[in-house]
Amino acid sequence: MKGWLWMALLLGLLSSTASAQEDWQYTLRPGDSLWKICDRFAQQPQACWRELASYNGLDNPHSLSPGDVLRVPMDWLKEKPISATARGVSGEVLLYPAEGGEPLMVSEGDQIAFGDALETGMDGSVRVHFADQSVVLLKPSSLLVVNQYRRFLGQKGERTELRLERGSIRNSVTPLDQDEATFEVYTPGVVAAVRGTEYYLSVDGAETSRNEVLEGQVDVTGRETTREVRQGFATLAAIDEPPMEPVALLPAPAMVVTTSYTGAEAVWPAQADAQQYAVEWYQQDDGVLLGQQYLTETRWQQALPVGQYRLLVRAVDNHGLRGEEAWQEITIAPEPVEPPAPQAPEPPPEPEPEAKKPWDLWVFIGGVALMLAL
């Protein structure tokens, strides 16, 4: 979102989100009443009880039913929502505050509030940790807006609503009780609502939304059509079209990984229905996404420094839907230092020549004289 068009779109999204951020939206449950809600959440329950009906335009407060939504001004609440936290920040990640102003570079541990937007560069990624232990991995070249996030200490049933404008996310949503609201992600074409699952959601340049479910179930709705996408299935929806019938995910590639002191190589058998393969590699200790590639061949090779990694390979079908995950741990060990070669022993020193003894000459002369005398 570097151009003026993307900037204008983001400002519009943030302004519409910020305009609603002064209200907390509460979904009524069986047995709820205006007084019970005010007594539980409001700083001044009496004042809240007197004014909440008129604030919501209710002529008859007793006509409320479970499932109805009440708006409660944030200033009335005795607790503020818990912010989400940025973890595993890698590359360029920008935060656009809901209140406006210059974008901020995201660092490890930064807080992400209701109404904020996150944008990742071509080499950027970040994990967003929510208070209910749900985690969203925002991948490179993505734009995500936190439309609604109302998670309070000790309070269940709050709705989390995100908007993925472009790019890709992987969601690990904590299982929720049946009376709790859903975790929802909107795209330009659909809304994906879940109750405890792991799934991928992506939006490409043509604003086609793709959803692949690894665990649990995701209800994908668009153009007044809802598809129940179960574990091991996927769907897609082009802009202004309903999501298609779910199709089975391609199986996980059976890869074999070999390593050297300088990197790793992975190979896997080709799948007849695969158009290409999505490959990602992560740092093992903190889960930081280090790189990703789309390959048409069944071989991946990467130079890696000494360390521990995780490799992910998924087959991609003709719809662009990514299949089941194949994970493999990789360890790059340091090259062993060879001991120095043994040195040959030094030859023994040459013996010193014996010094000529002076009496040897006299013996020689005496012998010669004796022979002459004979």
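Coordinate-derived values only; no laboratory data. The model shown is predicted, which means the values in this text are computed figures rather than measured ones. In this analysis, Cβ positions are derived from the backbone assuming ideal geometry, glycine residues included, and neighbour counts consider all displayed protein chains.
Compactness of region 256-332 was expressed as the Cα radius of gyration divided by 2.2 N^0.38 Å, which yields 1.08.
Each peptide in 55-63, 235-243, 93-101 was scored by the mean count of other Cβ atoms within 10 Å over its residues; highest first, the order is 235-243, 93-101, 55-63.
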